[in-house]
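Values in this text are rule-based calculations from the coordinates and carry no lab data. Quantities reported herein were computed from a predicted structural model and do not represent experimental measurements. Cβ sites come from the backbone with ideal geometry, for glycine too, and all protein chains shown count toward neighbours.
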Amino acid sequence: MRIERNGAIAALHGHCRVEDAETLAALLWEGSVTTLDLSGCDSLHGAVVQAILAFQPSVVGSPGDEFLKQHLVPALARRATAD
Amino acid sequence: MIDELLAQFLIEGREQALEAGADLAALQRGPADPARLDRCFRAVHTLKGSADLLGLTPMGRVLHAAEDVLGRLRGGQGEGGDFSVLLEVADQVERWLDDLDTVGVLPESASAASQALIARLAGDGAAPQVAAADDWDGASAFPGRAGVAIRYRPRADGYFAGDDPIAIIKAVPDLAQLRVSLAEPVADPALYDPFRCTLVIEALSTAALPAVETALRLVRDQVALATLRAAEAFAPAGVEVETARRTLRIDAARVDQLADLSDQLVVAKGGLIELAAQAERGGDGQALGQALRAKQAELDRLVAALHTTVGQARMTPLAPLLGRFPRLVREIAATLGKPAALEIEGGEVEVDKAVVDGLFEPLLHLLRNALDHGVERPEARTAAGKPAQALVRLSARTVGDQAVIEVVDDGAGVDPARVRDRAVARGLIDATSAEAMSDAALVDLIFLPGFSTAETVSSVSGRGVGMDAVRAAVTRLGGRVEIDSRPGLGTTVRLALPIRMVLAKLLVVESAGERFGLPLDGVAEIARVPADRIFPIRAGRAFVLRDEVVPLVDLAQALGAEAGPSSDRVVVAGVGGEPVGFAVDAVVERIDAVVRPMAGLLAGARGVSGSTLTADGSVMLVLDLAELLA
Amino acid sequence: MTKVLVVDDSALLRRVLSEILTEAGFEVAIARDGVEALAKLDEVRPDVVTLDVQMPRMNGLECLEQIMARRPCPVVMVSSLTAEGAEATLSALELGAVDFLPKPDGVVSLAIDELAPVLIEKVTAAATAKVGRGSRLLERLRARREAARAPTKTGARPRKQGAAPAGDPPEGLVLVGTSTGGPAALEALLGDIAPDFPWPILVAQHMPASFTASLAARLDGLCPLSVVEAAGPTPLRTGGVYIARGGADMVVSRRAAGLVALPAPADPAHRWHPSVDRLVASAMAHVAPDRLVGVLMTGMGDDGARTMAELHRLGGRTVAESEETAVVWGMPGALVRLGGASAVEPVDAIAGRLSMMLAR
């Protein structure tokens, strides 16, 4: 996983693996990132998904991967706005 | 290698499961016994290790939990110890071993059964915590949708086990909807644990249920599924496979003997090579002949020794077979609501592997019969002044060259009058001859095909399986069945079986143009009886042998053929303790032969106990003279 | 040829172990239990013994004691991953077994594929392990254990037992990595550590998951500091020793509460877990090199050597256990060869050396 910061937006790139969950959690806990851009993601591990659900940033972006685009990112985005 | 390991596990594992079961049963009954507890712990421990090694996860998990419980009991931390759940674990493991034996895999239900037992071992009757949701209702989760609704609540330590729940759900075919949420809110963000899984995943798939189940098979215990609307029942067809154990456990010392013999054979064979070389060089014919003769003698000795040793190696104790029954009897007794204890004796008796293999079904049937038909209901027993708990004894002992196995119950016995009425009603005998029959002969009628004394067909004994099936199976093994009933006191069924099926000594005789083998141990002598010494007696003939009148039977006639040309050769054999002479055309030779039980069309043939291959490759029937006259 | 005596009461496991070892070129003899093993000891003269912990007639621990008394040789315990197995294995390591091997678990083909290299590596390393080293050290350890335990029995021992470390947020961290022979080395190190030791100590001892809670409890009994297993995110405090959860990795991170250590799923990029390399690398990401001290003790392989050498290069301090006391001088040896050791010390001098390094 590579993280690209642009103000309050952080863009995640590549495969986000289990060990990236702690990095992401620390980043989101710190509070200056409010939005995640998932356009560049190739895959998201469950632990990373869980960290996003735990810290509830806004989720944007339309990744190339079919499953992410069709199902996971909409599910995360829905969740973030529903609460 | 895996198949071999599984095969080995089926032997070793069964023994350990039986041992554990027996010890647990004793511990539950009796006083604390640390040595027994220790042994039981080790058996469970080894079983668990093997199950883990073979990837039998549900079995491994429940055994692991059982081992922990036993470990605590052993460490004295157990509060007295309730062994009933542990006993259920042992029983479950035995059933799984049966499944592995017949179909090669654990049943679909194994995971759920394992978890239920683990929860009970843990001491809380509550449902296992995974419970993807007992209260989860797939239909309200995805209202108005059709397909398979999925709720997946991964284990808290799933990430550590290498699971990625997102990758797992992604693999489900035809996903139509996906929802992700957390099972619990984050309590303290500063100490948020990113690696303790709290995800809850709900999804809807339009694929068929089996396809969804396949995709989720590795996490099946963490998943709840519901088929919405277009419900299609999916029931795996029942699998019935004839069990044939083809493995044999051999005492290490016997294997060493075999190895030693095979080494000697290799050496002897080496000697032949040298002799062949001499012959090629055109050596002295006579000297060569002598050398060959010596080699042949040596080979004869070795082959005979090999045969004997292999025969011994085929001998196996009855204990593993008998040990399978306590669990089954517990189950049957529970189904019938008739409390019963099973006593087992004689596990050390050794018989031929083939006999052991063929005995499970008949014995199971006899035990079922004893519980279902022999043993009265507890109320009736109490009324008759017997203990409410019935006692069934399964015992084995060696008598001469036979193993005698008895199933004895203390039930009501067989009522000869009822047997007679039933046999007459079924048209198995006519009323007149029935009136003339002794009680013992009447009771024997239950071996007739198509007889059943049960007033109703019960789920335990089932329909259409009668004592005739037992007799047929035992006969196929070269044995005999007898029944002995004492009204009001109980029934004894006695099986007499050959211990060895290898290298029986046979007397080969000729009769009606065919050769037959007679078991030599039944033959008292071979006599020349000239025609003028034979006299008619009642319906038959007889002759005098050393002042004793001996009935004479023409073997060909007894076999249903025409009497052959007259000969003075008579084989005198003991039948039911009395000498009987059998007239034969010729006595050919004595041989040692491998006698196989009959199979196929001839399996039920009267008076035939087996067959053997003769030196010229043809099949020779081996006769059971007692049965021939019966 | 190296001779291995495989002692196990499970025919299945005997077969798996001996097939793997035979194929790898070892000469294998087998025994079905402890009694048979002892009977065969003089005849077989094994270079290494693999010993099941649970056996009929004579259990593995009794057998191990007899082997050590009659014909000391390197013994690798074969242990199950239960709580009881952990206790027995740790006792076996106290009694002089050089290493242990978790019983295979899981799908058989995988289990055997995974087992084979580990078994071969452990047996190979054991064949060259120093068995004798122990005697003096072991006696000292035993004496210390007795001393540590005796007061507990009379209830006269004050302090900490079971309490979570509650000191100040630390100025720096000590990172300890060890493998084969580690439990005894940790007893030596932590038993000698000063009660007012200023920095938290983080320990990565290669072990399966179910073992480290027992290890932490044992070490806590003889260490003046509080020894706990880091089972979840744990704030690091002065006066605390944090044992990495087995079968996983331990990483250092920075949170609101300051530095924390938390278990993370084992990273397959590393061969042994808890990974010393991963622990050191994660600490270096959050703590300046001069605030870190690395300690690498007995163990085969080279886990930790690379990252500790890097730490040394960046100005951090490192201590390697010397060859004379290491059961297997693999990991510390690798650090020394990389030129990454600030100091090389026998195991019973490491605690003193650390105190000196951190003295102001």
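Starting from the Cα of B:GLU4, step 7 Å along the direction of its Cβ; do the same at B:ASP592; then give the gap between the two resulting points in nm.
3.1
If I take every Cα pair under 8 Å that is 6 or more residues apart in chain B, average their sequence separation and divide by the length, what percent do I get for the relative contact order? Don't jump to the answer; show the numbers that get you there.
Working: 1004 pairs, mean separation 48.7, N = 630.
Averaging sequence separation for qualifying contacts and normalising by length gives 8 percent for chain B.
With bins 20 Å wide starting at 0, give me the P(r) of the protein assembly as shown over every alpha carbon pair, in whole percents.
10, 30, 30, 19, 9, 2, 0
Based solely on its DSSP helices, what 222 nm [θ] is calculated for chain C when runs of n ≥ 4 H residues each add -39,500 (n - 2.57) and the sum is averaged over all residues, nearest 500 deg cm²/dmol? Kindly include the intermediate steps, with their values, before the conclusion.
On the way: 12 runs with 147 residues, N = 360.
Mean residue ellipticity at 222 nm (helix-derived): -12500 deg cm²/dmol.
Calculate one ³J(HN,Hα) per residue across region A:35-51 by plugging θ = phi - 60° into the Karplus curve 6.51 cos²θ - 1.76 cosθ + 1.60, and present them in order as whole Hz with x for glycine and proline.
9, 10, 9, 9, 3, x, 6, 9, 7, 10, 6, x, 5, 6, 4, 4, 5
No solvent, one uniform scatterer per C-alpha: report log10 I(q)/I(0) for chain B via the Debye equation at q = 0.06, 0.10 1/Å, two decimals.
-0.51, -1.09
For every other residue with a beta carbon closer than 15 angstrom to the beta carbon of B:SER567, add +1 if it is Lys or Arg and -1 if Asp or Glu, then tell me the sum.
Values: positive: B:ARG515, B:ARG528, B:ARG533, B:ARG541, B:ARG569; negative: B:GLU510, B:GLU514, B:ASP532, B:ASP554, B:GLU562, B:ASP568, B:ASP585.
Spelling it out: positives minus negatives among the neighbours equals -2.
Convert each backbone phi in region B:621-630 into a coupling constant with the Karplus relation 6.51 cos²θ - 1.76 cosθ + 1.60 (shift: θ = phi - 60°), then list the ³J(HN,Hα) values in order as whole Hz, x for Gly and Pro.
Here the 3J(HN,Hα) series is 7, 10, 9, 10, 5, 4, 5, 4, 8, 5 Hz.
Once you list every other residue whose beta carbon is under 13 Å from the beta carbon of A:LEU12, what net charge do they have if Lys and Arg are +1 and Asp and Glu are -1?
Values: positive: A:ARG2, A:ARG5, A:ARG17; negative: A:GLU4, A:ASP20, A:ASP37, A:ASP42, A:ASP65.
My count for the surroundings of A:LEU12 gives -2.
Once the convex hull of the alpha carbons of chain A is built, what does its volume come to per residue, in cubic angstrom? Mind dumping the intermediate values first?
Values: hull volume 6.1 nm³, N = 83.
It is 74 Å³ per residue.
Write down, largest first, the equivalent ellipsoid semi-axes of region C:161-358 in whole Å, where each equals the square root of 5 times an eigenvalue of the alpha-carbon gyration tensor.
Working: eigenvalues 88, 63, 61 Å².
The equivalent ellipsoid of region C:161-358 has semi-axes of 21, 18, 17 Å.
Name the residues whose placed amide hydrogens come within less than 5 Å of the amide hydrogen of B:ARG569, ignoring near sequence neighbours (fewer than 5 apart) on the same chain.
Counting only residues 5 or more places away or on other chains, the set is B:VAL529, B:VAL584.
Mind checking which aspartates and glutamates have their Cα closer than 19 Å to the Cα of B:LYS170? Skip sequence neighbours fewer than 8 apart in that chain.
A:ASP42, A:ASP65, A:GLU66, B:GLU202, B:GLU213, B:ASP221
For a quick check of your reading of the filter: which trypsin sites (Lys or Arg not before Pro) in region B:491-556 sit in a DSSP loop and have no more than 12 other Cβ atoms within 10 Å? Could the numbers behind the result be given before it?
Values: sites: B:ARG494, B:ARG500, B:LYS505, B:ARG515, B:ARG528, B:ARG533, B:ARG538, B:ARG541, B:ARG546; in loops: B:ARG500, B:ARG538, B:ARG546.
Answer by residue number: B:ARG538, B:ARG546.
Longer than 21 Å from Cα to Cα, which of C:LYS3/C:LYS130; B:LYS48/B:LYS353; C:LYS3/C:LYS122 are they? Say none if no pair is. Please report the intermediate quantities before stating the final value.
Numbers: C:LYS3/C:LYS130 16 Å; B:LYS48/B:LYS353 28 Å; C:LYS3/C:LYS122 14 Å.
With Cα atoms farther than 21 Å apart: B:LYS48/B:LYS353.
Can you classify region C:1-61 as rounded, prolate or oblate using the Cα gyration tensor, where a ≥ b ≥ c are the square roots of its eigenvalues, rounded means a/c under 1.5, and otherwise it's prolate if a/b beats b/c and oblate if not?
Working: a/c = 2.37, a/b = 1.31, b/c = 1.81.
Oblate, since a/c reaches 1.5 and b/c is not below a/b.
Classify region C:247-360 as rounded, prolate or oblate, taking a ≥ b ≥ c as the square roots of the eigenvalues of its Cα gyration tensor: rounded when a/c is under 1.5, otherwise prolate if a/b is larger than b/c and oblate if not. Don't skip to the end; give the middle numbers.
Numbers: a/c = 1.84, a/b = 1.22, b/c = 1.51.
In terms of gyration-tensor shape, oblate.
For B:THR214 paired with B:ARG39, estimate the spin-label separation in nm (one decimal), with each label point 7 Å from Cα along the Cα-to-Cβ line.
About 4.8 nm, to one decimal.
Using all alpha carbons of region B:2-121, what is the percent of pairwise distances in each 5 Å bin, ordered from the shortest bin to the longest?
For region B:2-121, the pair-distance distribution reads 2, 12, 25, 26, 18, 10, 5, 2, 0.
Given the DSSP H assignment, sum -39500 (n - 2.57) over each helix run of at least 4 residues in chain B and divide by its residue total; what's the result at 222 nm in deg cm²/dmol, nearest 500?
Working: 20 runs with 253 residues, N = 630.
Only helices count here, giving -12500 deg cm²/dmol.
For chain C, what D do you get in µm² per second when you plug the Kirkwood radius from alpha-carbon pairs into Stokes-Einstein at 37 °C and 0.692 mPa s?
Numbers: Rh = 20.6 Å.
In µm²/s, the coefficient rounds to 159.
Based only on Cα atoms, what mean projected area does the convex hull of region C:3-127 have, in nm²? Display every interim value, and only then the final one.
On the way: hull surface 26.5 nm².
So the Cα hull casts an average projection of 6.6 nm².
Label points 7 Å out from Cα along the Cβ direction at B:ASP439 and B:ALA425: separation in nm?
Using points 7 Å along Cα→Cβ, the separation is 2.2 nm.
Give the relative contact order (percent, whole number) for region B:138-228; include only Cα pairs under 8 Å separated by 6+ residues.
On the way: 151 pairs, mean separation 45.2, N = 91.
Reported as a whole number, the value is 50 percent.
When Rg is the radius of gyration of the Cα atoms in region B:138-228 and Rh is its Kirkwood radius, what does Rg/Rh come to? Let's see the in-between values first.
Details: Rg = 13.8 Å, Rh = 13.7 Å.
Using only Cα positions, Rg/Rh for region B:138-228 is 1.00.
Give me the net charge for the shell around B:PRO551: Cβ to Cβ below 13 angstrom, other residues only, Lys and Arg +1, Asp and Glu -1.
Working: positive: B:ARG538, B:ARG541; negative: B:GLU548, B:ASP554, B:GLU578.
Around B:PRO551, the charge tally is -1.
Measure nothing but the geometry: give the 0 to 90° angle between the long axis through the Cα atoms of C:60-70 and the longest principal axis through the Cα atoms of chain C, rounded to 10°.
So the inclination is approximately 80 degrees.
Taking Cα atoms of region B:252-309, Rg/Rh with Kirkwood Rh, to two decimals?
Values: Rg = 13.9 Å, Rh = 12.4 Å.
Radius of gyration over Kirkwood radius for region B:252-309 works out to 1.12.
Tabulate in residue order the Karplus-calculated ³J(HN,Hα) for region C:193-205, using 6.51 cos²θ - 1.76 cosθ + 1.60 with θ = phi - 60°, rounded to whole Hz; enter x for Gly and Pro.
These are the phi-based 3J(HN,Hα) values: 5, 5, x, 9, 3, x, 10, x, 10, 10, 10, 10, 10 Hz.
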